[in-house]
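Q: Encoded as structure tokens, here's the structure I'll be asking about.
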Amino acid sequence: MFKPGIWSGALLGAVLTAGVAVAAGPADYEIVDGGIPKALTAQPGNAENGREVAINRKLGNCLACHAVTKLSDQPYHGEIGPPLDGAATRWSEAELRLIVVNSKKVFEGTMMPGFHTTEGLNRVAEKFEGKTILSAQDVEDVVAFLMTLNEE
């Protein structure tokens with residue numbers, strides 16, 4: 001079992017600073033029943049694009065913390081977060097959207113960054129203030145990819 005401490009802060013810093021790609025401020029959304037039921041964009045998510053965002057160390061970098069069998073062609077799967085296999089059977093699309101947008105609204109004390117939020121952040125470099133890690137379309141694409149992970 002992982003226990004937060006100095007290493008969690010160091011890892012989070014590495015995850016957040018590994019890439020420099022940032023998007024404009026967060027899209028407006030409403031949380032309903034523990035999720036964000038309405039897509040953040042008019043364009044539907046693209047699972048293949050979401051896969052690319054998930055493995056991109058300058059964007060989602062999901063593998064820094066999570067193992068994903070469907071991404072076994074990629075090296076260095078993390079063990080800090082839960083495996084993402086079966087994510088689509090454990091969470092609804094709306095719940096997955098909220099987890100990606102701002103995981104702290106779902107999991108108290110998580111070290112997972114909010115990928116489409118600017119609230120609750122500490123020590124943000126001036127050039128990144130008011131910007132998100134992922135764009136609204138990136139979020140929709142990652143959610144579409146996560147919805148393909150329906151086997152445990």
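The values are calculated or read from the model by the stated rules, or taken from the named source; none is laboratory data. Every value quoted in this text rests on a predicted model; they were computed, and no experiment measured them. Cβ atoms come from the backbone with ideal geometry, glycine included; neighbour counts cover every protein chain shown.
Q: Can you tell which of P37, P44 is surrounded by 15 or more Cβ atoms within 10 Å (Cβ to Cβ) and part of a loop (DSSP other than H, G, I, E, B)?
A: P37
Q: Do we have any residue at all in region 23-41 that's β-branched (V, I, T), under 13 Å from V139 (Cα atoms) and modelled with pLDDT of 95 or more?
A: yes
Q: Among the residues of region 60-95 satisfying the criterion of being within 22 Å of D28 (Cβ to Cβ) and in contact (Cβ under 8 Å) with a residue 60 or more places away in the chain, which is farthest from the chain's Cα centre (by Cα)?
A: Among them, the one singled out is A94.
Q: Can you tell me which residue in region 94-130 is modelled with the highest pLDDT, limited to those that are farther than 21 Å from N49 by Cα and touching a strand residue (DSSP E or B) at 6+ places or on another chain (Cβ under 9 Å)?
A: My answer is V106.
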